[in-house]
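Just below is one structure, and these are the notes that go with it.
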Amino acid sequence: MREVTVKDIIQFMDRIAPPELAEDWDPIGLSFGSVDQPVSKILLALDVDAQTIQEAKEKEVDLLITHHPAIFKSLKTLNSDDPRRRDYIELLKSDIAVYSAHTNLDAAENGLNDWLADHIGLKADKRDIVSVNARQGYKKLAVYVPDYAADKVRQALHEAGAGEIGDYKDVSYTLEGYGRFTPQAGANPTEGEIGQEEVIHEQRIEVLLKNKDVYKAIDALKTAHPYEEPVFDLYNLENQSDQFGFGRIGYVESELTTADMAERIQTLFSVDGVRYGSADDTKTHKKIAVFGGSGEKYYKDALKKDATLYITGDISYHGAQDMLRDGIDFIDAGHYMEAICVPELASRLKDQSKANGWNLEIIETNAQKDVFTYYK
């Protein structure tokens, strides 16, 4: 069994939360440790704090994965005069690697905001993004394959994610023609003889694929193709793109009042308390927006898309006034609502570990809790 390294985990996390989706100011990625560091135990948490570091040390983990990055502000010194710097020193002394996926996980498809929407009960088939922060284009892959191998190559490409357009999958186009080549000394041709021109009836298979699937599709193509040197073309497309961004907006099965939804959220996310505001306590909501983290400044985007209830964290007094004045109810579930990422990431890491035959122990934090205590 091959040793698992930090690099292996990062490559997997980058597929879940592509780094290019992160905001420019966001210090995502590996903040402590080396990509070559061996990993056998991983601890998952929302934040890097003293409690989490102590838990990581006690459980002898090699890698700490968090949603919020460890270092938001640049350092001028690394002495122990400051409590936060003492945390960093402790991490270095303990040789614990730290990796964080923040706004890239927020914006990713099937990332944090989709997990929040799933738990709240927003219908997946009519869900939209509250605020778009990135667009990613598609590519067209065209490969030349002898007739007898066309179905095998086509299937391999589809299994790698190529040919998915909207609500359709396994989409491809085929042209027929003749391929010509002359193997040279040193070649090991599947078809033909060294020094003799070969003419073979071939199919040109064309498929669309997302940028994130390019390397996976090319690897699949090369594995399935019978030729020693498969010939393929890769084109950038300007007429097709996917949108990514923060927050989700959608419809719920049953209409609820703001108070009813607030009670539901408190139970769903195991938070001690929530704040909410409503101009009409009897009003029910069918179209709702949820925005992980501090989403106050994006509420007008939700309003433009006809949401009547906005769920986020860290709403200010004047922000709450503005929301009610503009005609949208709100629920402040706190920033800790994002802790839903811990079990979700744990589930995906366990699946990946099993699929790859990795010998990994995935641990969910039990030391971390909301920084706020609500008086009862």
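Note down the net charge around P146, summing +1 for each Lys or Arg and -1 for each Asp or Glu among other residues with Cβ under 14 Å from its Cβ.
-4
Bins of 10 Å, beginning at zero and ending with the bin holding the largest distance: percent of Cα pairs per bin for the chain, please.
P(r) for the chain, in whole percents per bin: 5, 19, 24, 22, 16, 8, 4, 1, 0.
Taking the inverse of the average 1/r across all pairs of different Cα atoms in segment 8-58, what Kirkwood radius in Å do you get?
12.9 Å
Taking the solvent-accessible surface of protein heavy atoms with a 1.4 Å probe, what is the per residue accessible area of segment 136-188 in Å²?
Accessible area per residue, segment 136-188: 60 Å².
Based on the mean of other beta carbon atoms within 10 Å per residue, what is the order of 228-234, 331-337, most packed first?
331-337, 228-234
Taking the Cα centroid of segment 1-50 and of segment 102-118, what is the distance between the two, rounded to the nearest whole Å?
First find each Cα centre; the distance between them is then 17 Å.
How big is segment 297-337 along each principal axis, measuring the range of its Cα positions in Å and listing the largest first?
Largest to smallest, the principal-axis extents are 26, 19, 14 Å.
Only Cα pairs within less than 10 Å get springs; with that Gaussian network setup on the chain, which residue of D14, D81, D314 has the largest fluctuation?
The residue with the greatest mean-square fluctuation here is D81.
Provide the gained length on full extension for the span K140 to K350, in nm with one decimal, where the gain is 0.36 nm per separating residue minus the Cα-Cα distance.
72.3 nm
Take every DSSP beta bridge whose two residues both sit in the chain, then give the antiparallel share in percent to the nearest 5.
The antiparallel proportion sits near 70 percent.
Quick one: if the Förster radius is 35 Å, what FRET efficiency do V35 and N188 give, using the C-beta to C-beta distance and rounding to 0.05?
After rounding, the FRET efficiency stands at 0.50.
State whether segment 147-282 is rounded, prolate or oblate according to the following rule on the C-alpha gyration tensor (a ≥ b ≥ c being the square roots of its eigenvalues): a/c under 1.5 gives rounded; otherwise a/b larger than b/c gives prolate, and the remaining case gives oblate.
Prolate is the answer for segment 147-282, as a/c is 1.5 or above and a/b outweighs b/c.
In segment 250-376, carbon and sulfur make up what percent of the accessible area (probe 1.4 Å)?
47 percent
Kindly report the accessible area of segment 192-319 per residue (heavy atoms of protein chains, probe 1.4 Å, no ligands, DNA or RNA), in Å².
With all protein chains present, segment 192-319 gives 53 Å² per residue.
How large are Rg and Dmax for segment 1-89 when calculated on the C-alpha trace, in angstrom?
Over segment 1-89's Cα set, Rg and Dmax evaluate to 13.9, 44 Å.
Could you please state, rounded to a whole Å, how far the C-alpha centre of segment 244-294 is from the C-alpha centre of segment 136-157?
Comparing the Cα centres of segment 244-294 and segment 136-157, I get a distance of 45 Å.
Would you mind classifying segment 242-325 by shape? Square roots of the alpha carbon gyration tensor eigenvalues, ordered a ≥ b ≥ c; an a/c under 1.5 is rounded, otherwise it is prolate if a/b is larger than b/c and oblate if not.
rounded
List the residues of segment 256-292 whose backbone N lies under 15 Å from a point placed 7 Å from the Cα of D306 along the Cα-to-Cβ direction.
From segment 256-292, the list is 285-289.
Which value, in Å² rounded to 10, gives the accessible area of I42 with a 1.4 Å probe and all protein chains present?
0 Å²
I'd like the carbon and sulfur percentage of the solvent accessible area for segment 89-229, probe radius 1.4 Å, heavy atoms only, ligands and nucleic acids excluded.
The nonpolar share, carbon plus sulfur, comes to 44 percent.
Roughly speaking, what is the stretch gain from E198 to D322, that is 0.36 nm per residue apart minus the C-alpha to C-alpha distance, in nm to one decimal?
Extra length from E198 to D322 when fully extended: 37.3 nm.
Just how much of E20 is accessible, in Å², when a 1.4 Å probe is used and the result is rounded to the nearest 10?
Here the accessible area works out near 110 Å².
Estimate the FRET efficiency between L237 and S294 by the formula 1/(1 + (r/R0)^6), using the beta-carbon distance for r and 35 Å for R0, to the nearest 0.05.
Calculated transfer efficiency: 0.50.
Given the options E263, E191, E344, state which has the largest fluctuation in a GNM of the chain using a 10 Å cut-off (strictly under) for Cα springs.
Most flexible of the set in this elastic network: E191.
What do the square roots of 5 times the Cα gyration tensor eigenvalues come to for segment 119-194, in whole Å, largest first, as semi-axes of the equivalent ellipsoid?
With the √(5λ) rule applied to segment 119-194, the semi-axes are 41, 14, 11 Å.
Quick check on packing: order 136-142, 256-262, 113-119, 349-355 by the mean number of other C-beta atoms within 10 Å, highest mean leading.
Final packing ranking: 113-119, 256-262, 136-142, 349-355.
Using a simple spin-label model with points 7 Å from Cα along the Cα→Cβ vector, what separation in nm is obtained for E229 and K59?
In this crude spin-label approximation the distance works out to 5.1 nm.
Specify which residue in the list I28, V153, V231 is farthest towards the positive end of the charge dipole of the chain, using unit charges on the beta carbon of Lys, Arg (+1) and Asp, Glu (-1), about the Cα centre.
The residue sitting most towards the positive pole is I28.
Taking H as built 1.01 Å from N, whose amide H comes closer than 5 Å to the amide H of G295, not counting residues under 5 places away?
G313
Whenever you get a sec, line up L30, L75 from highest to lowest accessible area (probe 1.4 Å, protein heavy atoms).
L75, L30
Consider just the alpha-carbon atoms of segment 211-282 and return their Rg together with their Dmax, both in angstrom.
Considering segment 211-282 through its Cα atoms, Rg and Dmax are 24.4, 70 Å.
Quantify how much of the Cα-Cα distance distribution of segment 54-155 extends past 24 Å, in percent.
Value for segment 54-155 (Cα pairs over 24 Å): 57 percent.
Could you give the length gained by full extension between T174 and Q11, i.e. 0.36 nm per residue of separation minus their alpha carbon distance, to one decimal place?
Full extension of this stretch gives 55.4 nm more.
The values are calculated or read from the model by the stated rules, or taken from the named source; none is laboratory data. Not measured: the values here are computed from a predicted model. In this analysis, Cβ positions are derived from the backbone assuming ideal geometry, glycine residues included, and neighbour counts consider all displayed protein chains. Keep in mind that these areas ignore ligands, DNA and RNA; they rest on the heavy atoms of the full protein, side chains included. Shrake-Rupley method; radii C 1.70, N 1.55, O 1.52, S 1.80 Å.
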